[in-house]
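**Student:** Below is a structure I'd like to ask you about.
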Amino acid sequence: MTATFHSRPDRKATMQEATAALQRAGAPFEQKTGFHIKVHAFNFWPATGTIMVDGDLKRRQEQGLPAFIRLLRDAGLISNKPTQSVDTPQDFIIDRCDHEGEFATC
């Protein structure tokens, strides 16, 4: 029997993907840590896809960014509707540079 190797997702990339998608959707999110996003009572960990709701004792069965966005839309917390489908994770990511004075460092 062979073992299956699953690489860990890049936390920075999954966080960028999630925050970019939430910005586009108009969701009022807070990035609590480098790996946790909160929208009102809804919590999301992009690297694992885990979704929890405040007060629940267990994580939700559905997982992943599309499920999180669907949950927020069903709860009335998303103001924008998608204008086109997104086929690749790169379509979600917005690269940001830290600006200090007149110089940008990326």
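The values are calculated or read from the model by the stated rules, or taken from the named source; none is laboratory data. Please read all numbers here as calculations on a predicted model, not as lab measurements. Heavy atoms of the whole protein, side chains included, go into the accessibility calculation; ligands, DNA and RNA do not. Shrake-Rupley method; radii C 1.70, N 1.55, O 1.52, S 1.80 Å.
**Student:** Taking amide hydrogens as modeled 1.01 Å from N in the peptide plane, which residues meet the under 5 Å criterion relative to residue 50, leaving out close sequence neighbours?
**Tutor:** So residue 50 has HN proximity to 45, 64.
**Student:** When a/c is below 1.5 the answer is rounded, else prolate if a/b is larger than b/c, else oblate, so apply that to region 7-55 with a ≥ b ≥ c taken from the square roots of the Cα gyration tensor eigenvalues. Don't skip to the end; give the middle numbers.
**Tutor:** Details: a/c = 2.12, a/b = 1.24, b/c = 1.71.
In terms of gyration-tensor shape, oblate.
**Student:** Can you compute 3J(HN,Hα) from phi for each residue in region 61-75, using the Karplus curve 6.51 cos²θ - 1.76 cosθ + 1.60 with θ = phi - 60°, rounded to whole Hz and x for Gly and Pro?
**Tutor:** 5, 6, 9, x, 4, x, 5, 5, 5, 4, 4, 5, 5, 4, 7
**Student:** Same structure again: Rounded to the nearest 10 Å², what accessible area does residue 77 have for a 1.4 Å probe in the complete protein model?
**Tutor:** 40 Å²
**Student:** Further question: Using heavy-atom solvent-accessible surface (probe 1.4 Å) with all chains present, what is the largest-first order of 29, 44? Display every interim value, and only then the final one.
**Tutor:** Values: 29 55, 44 5 Å².
Result of the area sort, largest leading: 29, 44.
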